[in-house]
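A short worksheet on the structure shown next.
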Amino acid sequence: VQLQASGGGLVQTGGSLRLSCAASGRTFSSYDMGWFRQASGKERKFIAAIRWSGGNTYYADSVKGRFTISRDNAKNTVYLIMNSLKPEDTAVYYCAASRKGGSVWYASEYDYWGQGTQVTVSS
């Protein structure tokens with residue numbers, strides 16, 4: 001599976017962005033999908049995940065209520081809608097795919113990664 005993240009950019013505090021992650025291959029619907037982010041000089045952190053069926057979603061406390069993850073298996077795409085953005089949301093955002101069916105919280109559980117898209121929130 002190859003993943004291509006897009007949709008990042010520069011936005012003011014309180015603004016919104018929608019990230020997309022397009023996957024190649026015909027088995028996208030069998031993967032749990034996650035979003036992580038990495039701020040400059042910091043470790044990569046879990047943001048959100050969605051099970052292969054779309055039935056369960058998971059969020060880091062820092063984004064709960066502001067970010068929404070969704071997927072369209074017909075389009076092989078997962079989305080991250082980000083509202084009420086804050087300067088501390090500034091980071092490179094990565095999408096990832098996992099076939100393990102286990103925990104979605106840890107980067108080590110994911111098999112494939114996209115290249116990342118930069119999100120910058122100005123104050």
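Please identify every one of the GluC sites (Glu not before Pro) in region 43-109 that sits in a loop by DSSP and has no more than 15 other beta carbons within 10 Å of its own beta carbon.
Taking region 43-109 and a limit of 15 other Cβ atoms within 10 Å, the loop GluC sites (Glu not before Pro) found are E43.
Which distance in Å, rounded to a whole number, links the C-alpha centroids of region 54-123 and region 1-30? The two parts, judged by their Cα centres, are 8 Å apart. Entry comment: accessible area of the chain is 51 Å² per residue, from protein heavy atoms only and a probe of 1.4 Å.
Find, to one decimal place in angstroms, the Kirkwood hydrodynamic radius of the chain, where the mean of 1/r is taken over every pair of different Cα atoms and then inverted. Write down the numbers at each step before the final one.
Values: mean 1/r = 0.0709 Å⁻¹.
Answer for the chain: a Kirkwood hydrodynamic radius of 14.1 Å.
Here the accessible area is traced with a 1.4 Å probe on the protein chains. For region 39-123, carbon and sulfur cover 47 percent of it.
Diffusion of region 1-64 by Stokes-Einstein, at 25 °C in a medium of 0.890 mPa s and with Rh set to the Kirkwood radius over alpha-carbon pairs, works out to 181 µm²/s. Of the trypsin sites (Lys or Arg not before Pro) found in region 1-88, the ones in coil according to DSSP and having at most 13 other Cβ atoms within 10 Å of their Cβ are R26, K42, K64, K75.
The share of alpha-carbon pairs in region 65-110 lying farther apart than 17 Å comes to 50%.
The values are calculated or read from the model by the stated rules, or taken from the named source; none is laboratory data. None of the values given here were measured: they were computed from a predicted structure. Glycine also receives a Cβ, built like all others from the backbone with ideal geometry; neighbour counts cover every protein chain displayed. Note: areas computed on protein heavy atoms with side chains; ligands, DNA, RNA excluded. Shrake-Rupley method; radii C 1.70, N 1.55, O 1.52, S 1.80 Å.
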